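This report concerns only the one structure given below.
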Amino acid sequence: MNVLLTGGAGYIGSHVLRALKSAGHECVVYDSLVKGHRRAAGKKLVVGDVADGQALRKALAENKIEAVIHLAAFIEAGESVVEPDKYFRNNTMIGLTLLEAMRDCGIKKMVFSSTAAVYGTPARVPIEEDDRLAPINPYGASKLCVEYMLSAYAAAYGLGIVSLRYFNVAGAHPTGEIGEDHQPETHLIPLVLQVPMGKRPGIKIFGDDYETPDGTCIRDYIHVCDLADAHVLAIGAVKAGQVKVFNLGNGEGFSVKQVIETCRKATGHPIPAEAAPRRPGDPARLIASSKRAMSELDWKPKFPDLPTIVQHAWQWHQKNPNGYGDK
Ligand code: UDP
């Protein structure tokens with residue numbers, strides 16, 4: 001299939017791109033390169049903003065696109081609390097621009113990057129897809145708005161949509177050739193690994209007074225390559241007029257302190273850590289049930305254990321101490 005990936009030069013997008021190519025799809029990356037990296041994008045790159053509907057239509061038509069994987073977004077829950085406009089403009093509004101462009105070009109298939117943040121503070125874990133949707137930060141709200149638009153477009157115009165709700169994506173390609181390079185970095189695992197890289201003296205734990213066994217937030221970490229594989233399966237599962245939703249995680253939660261300890265073991269570095277105030281917009285505990293993805297998509301994670309996820313991330317950072325070196 002001819003597939004266009006918005007945000008395909010980003011961390012997740014570049015791994016999805018590789019997985020799709022290995023499965024035989026023809027891929028075009030559409031990325032503004034504001035956050036993405038040229039080196040991560042492969043040869044077929046259109047530099048453009050999803051907000052630019054005309055440029056987008058041109059890219060869709062010229063490349064005879066049959067399906068879109070929509071990854072382009074701002075992704076920092078903490079930042080979204082202080083700059084909500086950025087999130088509703090860049091995540092929600094561009095979702096509508098993309099849907100309109102797809103409608104004009106007669107493209108009926110989409111896989112959407114959604115997030116566990118749509119659940120807010122869950123009433124129970126592991127979270128199932130039909131559980132209550134109640135985001136507690138603008139990031140989750142901005143993505144949930146797009147999910148609502150997707151449902152409306154599927155019903156009205158016969159689009160087929162698969163929405164993938166990612167839990168905490170981490171790790172890097174086992175080759176060490178592509179990995180995570182956010183400027184500035186805000187995610188836990190790459191930040192912790194900056195300590196043994198000599199880039200920061202220690203790590204701050206955002207809140208150690210949560211109602212969890214060690215007081216720190218619990219998250220479900222998923223290897224970026226396992227996440228990428230789910231996109232390949234999802235694109236094959238798109239059905240006209242239907243929206244399917246899948247959680248993607250490993251069904252096991254790790255606290256911030258447990259993640260730091262895993263990084264200490266992987267790197268052999270003491271990694272000093274100190275408690276700091278809670279970060280606004282953080283739920284205490286997010287753990288996925290991915291049973292639906294396993295049964296309906298036949299998704300099987302290859303790297304479900306946290307030490308492997310951290311090991312692959314560590315390998316990438318050691319090989320690429322300055323990331324892609326382009327920012
Ligand atoms: N976190 C932390 N210190 C940091 C960065 C993150 O304690 O320097 C915590 C954060 O509060 C959350 C968890 O680590 O509980 C995962 O945060 P991340 O930003 O990686 O992902 P999110 O859960 O926001 O998608």
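Against the longest principal axis of the chain, how steep is helix 53-62, in degrees 0 to 90 to the nearest 10, with axes from Cα atoms?
70 degrees
For the range 106-184, rounded, prolate or oblate, judged on the Cα gyration tensor with a ≥ b ≥ c (square roots of eigenvalues), a/c < 1.5 rounded, else prolate if a/b > b/c?
Taking the square roots of the gyration eigenvalues as a ≥ b ≥ c, the range 106-184 is oblate.
Any lysines with Cα under 21 Å of the residue 58 Cα? List them, leaving off those in the same chain fewer than 8 positions away.
Within the straight-line limit of under 21 Å, residue 58 reaches these lysines: 43, 44, 108, 109.
Rounded, prolate or oblate: which fits the chain, taking a ≥ b ≥ c as square roots of the Cα gyration tensor eigenvalues, rounded meaning a/c under 1.5, else prolate when a/b beats b/c?
prolate
Taking the Cα atoms only, what angle lies between the long axis of helix 138-157 and the longest principal axis of the chain, rounded to 10 degrees?
It is inclined by approximately 20 degrees.
Could you work out the helix-only [θ] at 222 nm for the chain, with each DSSP H run of four or more residues adding -39,500 (n - 2.57) and the total divided by the number of residues, to the nearest 500 deg cm²/dmol? Don't jump to the answer; show the numbers that get you there.
On the way: 11 runs with 115 residues, N = 327.
The helix-only estimate for the chain comes to -10500 deg cm²/dmol at 222 nm.
For the range 4-73, rounded, prolate or oblate, judged on the Cα gyration tensor with a ≥ b ≥ c (square roots of eigenvalues), a/c < 1.5 rounded, else prolate if a/b > b/c? Provide the component values of the computation, followed by the final result.
Numbers: a/c = 1.80, a/b = 1.13, b/c = 1.59.
Oblate is the answer for the range 4-73, as a/c is 1.5 or above yet b/c matches or exceeds a/b.
Each residue of the range 269-286 in turn: what ³J(HN,Hα) in whole Hz from Karplus with 6.51, -1.76, 1.60 and θ = phi - 60°, glycine and Pro shown as x?
10, x, 6, x, 9, 9, 6, 9, x, 4, 8, x, x, 9, x, 5, 8, 10
Name the residues whose placed amide hydrogens come within less than 5 Å of the amide hydrogen of residue 115, ignoring near sequence neighbours (fewer than 5 apart) on the same chain.
Long-range HN contacts for residue 115: 166.
Points 7 angstrom from Cα along the Cβ direction at residue 322 and residue 152: gap in nanometres?
About 4.7 nm separates the two model spin labels.
What ³J(HN,Hα) values, in whole Hz, does the Karplus curve 6.51 cos²θ - 1.76 cosθ + 1.60 give for the range 175-182 when θ = phi - 60°, with x put for Gly and Pro?
6, x, 7, 10, x, 8, 8, 9
Cα centroid distance between the range 212-227 and the range 57-86, in Å?
24 Å
On C-alpha positions alone, give me the angle between the axis of helix 224-237 and the longest principal axis of the chain, in degrees, nearest 10.
The angle comes out near 20 degrees.
Residue by residue through the range 241-249, which ³J(HN,Hα) values in whole Hz follow from phi under the Karplus form 6.51 cos²θ - 1.76 cosθ + 1.60 (θ = phi - 60°), with glycine and proline marked x?
Each residue of the range 241-249 in turn: x, 10, 10, 10, 10, 9, 7, 10, x Hz.
Bear in mind these aren't lab numbers, they're just calculated from the coordinates by the rules spelled out. Treat the numbers as computed from the prediction; the structure is a model and nothing was measured. Cβ coordinates were reconstructed from backbone atoms using ideal geometry, including for glycine residues, and neighbour counts include every protein chain displayed.
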